[in-house]
Structures are given as C-alpha cells and as structure tokens.
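**Q** Mind looking over this structure? Questions follow.
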Amino acid sequence: GAYIESMFVRGTTAAMRREIKTKMLATPRHVGFSSLDRLADSQVWERGPNRIATLAIVAGTRPNDLRAMHEGLFPNLQYEFWPEAGHFLMMEQPARFNSLVRRWMDKLDHPAVRGSSGAANADAQNIH
C-alpha cells in the first residue's frame with residue numbers, strides 16, 4: 001500500500017494507479033523481496049565502474065543526489081532528472097520517455113547496439 005503510493009505523483013492517473021497496484025500486488029512475495037534484496041546487496045554496487053553506455057532517468061520521487069553515485073558506477077552515463085515524474089514515468093509520460101530513449105540509442109555507435117543490420121538492440125544496454 002504505502003510503499004507503492006510513495007512512487008506516485010499528482011500526474012499518476014487513477015487508472016494507472018489501479019493497474020500498477022494490481023500488477024505489483026499480484027507479484028509473488030519472494031520475487032518482490034528478491035529484487036529489493038539485490039538492490040541492497042553491496043556486492044552489486046562494489047564491482048567498480050562499468051563502462052557500458054547507460055541512460056538513467058530518475059523520477060522526482062527519488063532524491064536528486066543519486067547523480068554522483070550513478071556517474072561513479074557508470075562513467076559513460078546520460079543522467080536525466082524528471083522532478084515532476086513518478087516512479088512509473090514510462091507510463092505517465094510515454095511519448096517523452098520513448099523519445100528520450102530513441103534519441104539516446106540513436107547516438108550510440110557500437111556493434112553490440114547496432115548489429116549487422118544496423119538496427120538498435122535495446123538488450124545490449126542498461127536502461128534504468
């Protein structure tokens with residue numbers, strides 16, 4: 001309840017809230033706890049810098065003091081802070097989100113992303 005509510009902002013519609021709550025509360029407890037446990041696992045964050053191109057879109061429900069930490073972990077980072085967005089910004093602002101991700105991927109020039117066909121491959125990147 002309250003944890004999920006903390007991820008919403010004024011712009012999160014009632015329909016989105018219902019859909020998100022229904023899906024999140026239907027997730028098996030062990031899956032939810034496992035994902036939170038991995039986020040808190042210091043070994044995940046102590047591996048040193050990862051040079052892969054990374055896009056971080058941080059919602060306004062999070063403190064904007066994460067930038068330095070993200071830049072330390074991902075030196076090749078494009079960091080975006082959306083103060084008006086909630087945790088589910090891809091649902092709240094799909095056009096803006098999709099446009100940003102497309103522009104970011106278009107700037108990448110790496111065989112793992114472009115492949116032999118020249119098509120972008122989102123699986124090759126970290127999108128947060």
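**Q** Give, in nm to one decimal, the length gained when the segment between residue 27 and residue 39 is fully stretched (0.36 nm per residue of separation minus the Cα-Cα distance).
**A** Contour length minus Cα-Cα distance gives 2.6 nm.
**Q** Return the distance in nm (one decimal) between the two label points of a simple spin-label model at residue 6 and residue 64, each offset 7 Å from Cα along Cα→Cβ.
**A** 2.1
**Q** 7 Å from Cα along Cα→Cβ at both residue 18 and residue 98: what's the point-to-point distance in nm?
**A** 2.4
The numbers here are math on the coordinates, done by the rules we state, and not lab data. Bear in mind that the values here come from a model prediction, so they are computed numbers and not experimental data. Cβ: placed from backbone, ideal geometry, glycine included. Neighbour counts: every protein chain shown.
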